[in-house]
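Comments concern the structure below.
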Amino acid sequence: MTDLVLLDIEDGVATVTLNRPEAMNALSSALRSQLYRVMTQVDADDAVRAVVLTGAGERAFTAGLDLKELGSTAGALGSANATGADENPVKAIELCRKPVIGAINGVAITGGFEVALACDILIASEKARFADTHARVGVMPGWGLSQKLSRLIGISRAKELSLSGNFLDAETAARWGLVNRVVPANELLTTARALARDIASADPDFIAAYKKLIDDGFARPFGDAMALEHERSSAANRAVTPEAVEARRAAVQARGRSQ
């Protein structure tokens, strides 16, 4: 049987590929289960320091939940509100303590849009497009889109996308701050992996702690988030020696000269 999720590890970077190109990488129950197993594997693997998530083929990152499966399987609609990481791909991605870069190669639709939003960083191909069609199919989002999107691009723009079901092209997504940058399709994975290697070159425990600090703070009111930073920063920085700072400063300067 074809693997529904492919995994390749090289230079500290795991490339995870949703692999149902004939079905626009739709999130079937079997694919979601495999994604959970793969993300659990890369989270536990000390050789992996950063992750690139993408879709197979040129058409789709992922078209979201498999609508054929939803229409033919009793109880399948509950997947839209699943909380277990083996059924909810957003949870499967979020459980990974390592940075996840979404390399958006094609359309990211509805549940696929939610999967994209689960990534820490988004880089889009020029062929990427985003759409929230929950209003069109009559299913409320249950994986976070209704709350995350407005926080990223503003409430009015989020309402425009979600209430119309219209597509958002890659360049506009970049202008709106949804994706970090847009690159030619043939450069997408190269660009995403290069960024992942940059992240992988830093101390992995520090990166994991810093990612968690950003995520935990983002979920709180600003004042509480600032207090959280002070609390964790004070505890962490007490363990840093002047000698370690000096050694790392020299490494940073050397890296700056080479870039």
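Assorted remarks:
- Some residue of the range 247-257 being under 30 Å from L18 (Cα atoms) and loosely packed, with under 11 Cβ neighbours inside 10 Å: no
- Single residue of the range 119-146 satisfying the filter (among the charged types (D, E, K, R) and either touching a Cys at 6+ places or on another chain (Cβ under 8 Å) or within 23 Å of A174 (Cβ to Cβ) (or both)) that is surrounded by the fewest Cβ atoms within 10 Å (Cβ to Cβ): E126
- So A30, is it hydrophobic (A, V, I, L, M, F, W, C) and touching a residue at least 24 places away in the same chain (Cβ under 8 Å): yes
- Within the range 162-172, the set of residues being of a type in the set (G, A, S) and part of a helix (DSSP H, G or I) comprises S162, S164, A170.
- Applying the criterion of at least 3 residues that are among the acidic types (D, E) to the helices (runs of 4 or more DSSP H) found wholly in the range 173-259 leaves 204-218, 222-237.
- Per the conditions (1) under 17 Å from D120 (Cβ atoms); (2) hydrophobic (A, V, I, L, M, F, W, C); (3) touching a Lys or Arg at 6+ places or on another chain (Cβ under 7 Å), the sole criterion not satisfied by L53 is (3).
- Residue in the range 147-167 that is in contact (Cβ under 8 Å) with a residue 40 or more places away in the chain, out of contact with any Leu (no Cβ under 7 Å at 6 or more places or on another chain) and either crowded, with 21+ Cβ neighbours inside 10 Å or not assigned by TED's automatic domain parsing to the domain that holds R49 (or both) present: no
- Subset of the range 17-46 [of a type in the set (V, I, T), crowded, with 20+ Cβ neighbours inside 10 Å and part of a helix (DSSP H, G or I)]: V38, V42
The values are calculated or read from the model by the stated rules, or taken from the named source; none is laboratory data. All figures in this text were calculated on a predicted structure; none of them were measured in a lab. A quick note on method: Cβ atoms are made from the backbone with ideal geometry, for glycine too, and the neighbour counts reach across all protein chains shown.
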